[in-house]
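Input: a single structure, listed below in structure tokens.
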Amino acid sequence: MAKYSYTEKKDTRSGFGAGLLEAGRQNDKVVALCADLTGSLKMGDFQKAFPQRFFQSGIAEANMIGVSAGLTIGGMIPFCGTFAGFATGRVYDQIRQSVAYSNKNVKICASHAGITLGEDGATHQILEDIGLMKMLPNMTVICPCDYNQTKAATIAAAKYDGPVYLRFGRPAVPNFTDQDQVFEIGKAQQLYEGSDVTILACGHLVWEAITAAEELLAEGIKADVYNIHTIKPFDAEAVLKSVAKTKAIVTAEEHELNGGLFDTVAQVMAMNNPVPMEAVAVRDSFGESGTPAELMKKYGLDAENIVKAVKNVISRK
């Protein structure tokens, strides 16, 4: 099993900023809107390059969603950005009615997702957003794992016709995927091949899954590891093929157990091939203030807990 490595850590929000700029260069229909968080979402380069295609909505997220939906009627491709807590919970009605129900080509760009927002605390650390978005008909939900993949996902979202929820974060994380990758919406990315257990991870937990898989291999446990960067549409075919070999699953996500990746996987397995499952996720709890590293450890979102979950699920086969 070839080991993954990285030469630098970079924040995924910067990957979004780079991807947005490139999408703007490729298509003059791409426009950007921001709710007074241009610096935090790294949208400044787009603003400088295309000032006539950038709109500052201020702290009026509901209005930003409505304006974005309206812009699509004129053929524009709006990328509207704010923190994930504001991009979903604060404006759910507007997203449901004006974007999802109407099937508008709006890209909802949600930064600072999960508990790794850190010191801002529970009110900003949304852990329910994947569930909120994936339940909406017509909505595509993407949660890339590093800087390079977030950049590629942003470019792919601009080419995709339909509502997209793009989730990314604040902290610097290992940047290990291919710089020149082509992002395939709805296609799971296999990272390691194994026969003992299937590990499915998204976002910041993908690197933790890689670390866990390498620790497990040293103990003779071979994991089939997938980066589930697209939660919806879900690549059920790839997962079912893996589980036909391994007969056990562990999911890992920076999200509530309820409504996230685990729920999606459990639904697919219950209807096709029920097997033992374990989950690394936040268990019915809000977050709290702390550094990203401290919070990931406290809430069990790390390689150590993935290893434990793997051993538990294998014992249940």
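The values are calculated or read from the model by the stated rules, or taken from the named source; none is laboratory data. Everything numeric in this text was worked out from a predicted model, so none of it was measured. Cβ placement follows ideal geometry from the backbone for every residue including glycine, while neighbour counts extend to all protein chains displayed.
When restricted to residues that are more than 13 Å from the chain's Cα centre (by Cα), more than 26 Å from GLU208 (Cα to Cα) and either of a type outside the set (S, T, N, Q) or not in a loop (DSSP other than H, G, I, E, B) (or both), segment 98-126 contains 7. For the criterion of being of a type in the set (A, V, I, L, M), within 17 Å of VAL239 (Cα to Cα) and modelled with pLDDT of 95 or more, ILE185 passes. The listed residues are ALA248, ALA252, and the only one of them that is in contact (Cβ under 8 Å) with a residue 60 or more places away in the chain and either buried (at least 17 other Cβ atoms within 10 Å of the Cβ) or out of contact with any Pro (no Cβ under 6 Å at 6 or more places or on another chain) (or both) turns out to be ALA248. Test LEU127 against the criterion of being in the same structural domain as LEU261 (by TED's automatic domain parsing), among the hydrophobic types (A, V, I, L, M, F, W, C) and surrounded by 23 or more Cβ atoms within 10 Å (Cβ to Cβ), and give yes or no. It is false that LEU127 is in the same structural domain as LEU261 (by TED's automatic domain parsing), among the hydrophobic types (A, V, I, L, M, F, W, C) and surrounded by 23 or more Cβ atoms within 10 Å (Cβ to Cβ).
Considering only segment 47-74, state which residues are within 21 Å of GLY19 (Cβ to Cβ) and touching a Lys or Arg at 6+ places or on another chain (Cβ under 8 Å). Selection gives ALA49, SER68, THR72.
Can ALA23 be described as among the small types (Gly, Ala, Ser), surrounded by 23 or more Cβ atoms within 10 Å (Cβ to Cβ) and not in a helix (DSSP H, G or I)? No, not satisfied. Taking the stated definitions as given, is LYS187 among the basic types (Lys, Arg) and more than 16 Å from LYS317 (Cα to Cα)? The answer is yes for LYS187.
Scanning segment 191-213 for residues being among the polar types (S, T, N, Q) and buried (at least 24 other Cβ atoms within 10 Å of the Cβ) gives a total of 1.
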